[in-house]
Structures are given as C-alpha cells and as structure tokens.
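K.L.:
Structure in structure tokens, see below.
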Amino acid sequence: MEPNSLKWVGSSCGLHGPYIFYKAFKFTGDGKARILALGDFFFVRCKPEDPICIAELQLLWEERTSKQLLSSSKLYFLPEDTPQGRSVAHGEHEVIAVSEKVIVRLQDLVKWTVPDFSGWANCLKVEPLKSSVLRELGTNGRREALHRYRESTLTSGLNFKDVQRERAHLVQAFIVQTNECMGMVVPISSGSS
C-alpha cells in the first residue's frame, strides 16, 4: 500500500456517537487504484502463512476522536482450510463462513488484500472484463442496468451513486492508460450521471 493512499469514497452514510460510517474507500497498491465498497467480496490473506480466503466488506467507519479508520468483514474459507477439512458432504465450490466478524484497521485490511488470486484454484474463477467489453457495456446501457441491480440487491437502501461514479472514473482511467501503453487513442465519453 502506498503511503496516505486510503481515502473515503462518497459521502458518509451515518453517525452514531463518536463514529462516522462510510460506504466505500479507495486505496492504491502495487501502483493500481482500487475501490472497495460495502457488500464487495475480495480475496485476503490474514498472515503470509495463512490460506487465501474471501472477505465480504460489511461495515466501514472512522472513530472521530482517534481518527482511526476501521472495517468489519465476514471471512469465508475453503473447507480444506478449516480444522475439520473437506468432506464428501461439501459442494465442489462451497465455502465456509467464519461465525465471527473480523474488525481491523483499514490499513491492515488493505495489507491483507490479495491482488493475485491464482492461489485460489479450487473454485470458479472470475476474470476481469476486457476493455472492449467495458466499452460495449458503457455504450449499450448494460453498465447502468448492472449498477441498478447492484444498488437494489446489495446496498440495503444506501445511495451508492457517488461510489459508482468514482468506480467509473477508475475504469475509464484504466482504459485510457491501457490504450496509451498500446499506442492507441480511443475517445471515451464521460456519460451523464
């Protein structure tokens, strides 16, 4: 993680006592900017010797007096990475949820993130969308449909438009950067939000 790369994305979504709650944060690691929002699933490794697992981001907040940035996540492990191990009763792509949530400083959560999940060989793999597919999604309206679906099913009524707008800027910056590296000039419309 690059120094001072942690930033809240979007407006706060609640206050309670000394805590301010947020929907998403942005960080830079390995030279790449990334946004994680409530409801996102991503790969983590708590310690170098631990297996890779899946984290579900459930809560983000700042403690106002100490200025600590904190997160709460639920962890999911492959059955073979639990004390009981995998049995014939487990499904091929099953993961086991840890019963307790993990509360850590945001800077530690970022250190746990695993950008290369090639070590996760026992499950379905999700490949990043190619830039040509991302451009097509933006031109035929599917991107907006995906955002509406995500907003309706995963956000519990929170307005994530500011987070989605910031993610769209990251995607566009990535496409421009990729095209510049390839020596291509491709105009990208910013669209209206």
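K.L.:
Give all pairs with beta carbons closer than 8 Å in which a residue from the stretch 10-26 that is touching a residue at least 12 places away in the same chain (Cβ under 8 Å) and closer than 23 Å to T113 by Cβ meets a residue that is in a strand (DSSP E or B) and basic (K, R); count only pairs at least 6 apart in sequence or on separate chains.
P.N.:
G10/K23; C13/K23; F25/K7; K26/K7; K26/R34
K.L.:
So S118 passes all but one of these: (1) modelled with pLDDT of 90 or more; (2) outside any strand (DSSP E or B); (3) farther than 14 Å from C46 by Cβ. Which condition number does it fail?
P.N.:
Only one criterion in (1) modelled with pLDDT of 90 or more; (2) outside any strand (DSSP E or B); (3) farther than 14 Å from C46 by Cβ is unmet by S118, namely (1).
K.L.:
Further question on the same structure: Would you mind stating whether I103 is under 19 Å from R167 (Cα atoms) and outside any loop (DSSP other than H, G, I, E, B)?
P.N.:
no
K.L.:
If I52 meets every condition in (1) buried (at least 18 other Cβ atoms within 10 Å of the Cβ); (2) under 19 Å from S72 (Cβ atoms); (3) of a type outside the set (D, E, K, R) apart from one, which number is that one?
P.N.:
Checking I52 against (1) buried (at least 18 other Cβ atoms within 10 Å of the Cβ); (2) under 19 Å from S72 (Cβ atoms); (3) of a type outside the set (D, E, K, R), the one that fails is (2).
K.L.:
Taking the criterion of being assigned to a strand (DSSP E or B), over 15 Å from the mean Cα position of the chain (by Cα) and among the charged types (D, E, K, R), would at least one residue in the stretch 73-83 satisfy it?
P.N.:
Looking for residues that are assigned to a strand (DSSP E or B), over 15 Å from the mean Cα position of the chain (by Cα) and among the charged types (D, E, K, R), one finds none in the stretch 73-83, hence no.
The values are calculated or read from the model by the stated rules, or taken from the named source; none is laboratory data. Not measured: the values here are computed from a predicted model. Here Cβ is always computed from backbone atoms with ideal geometry, including for glycine, and neighbour counts include all displayed protein chains.
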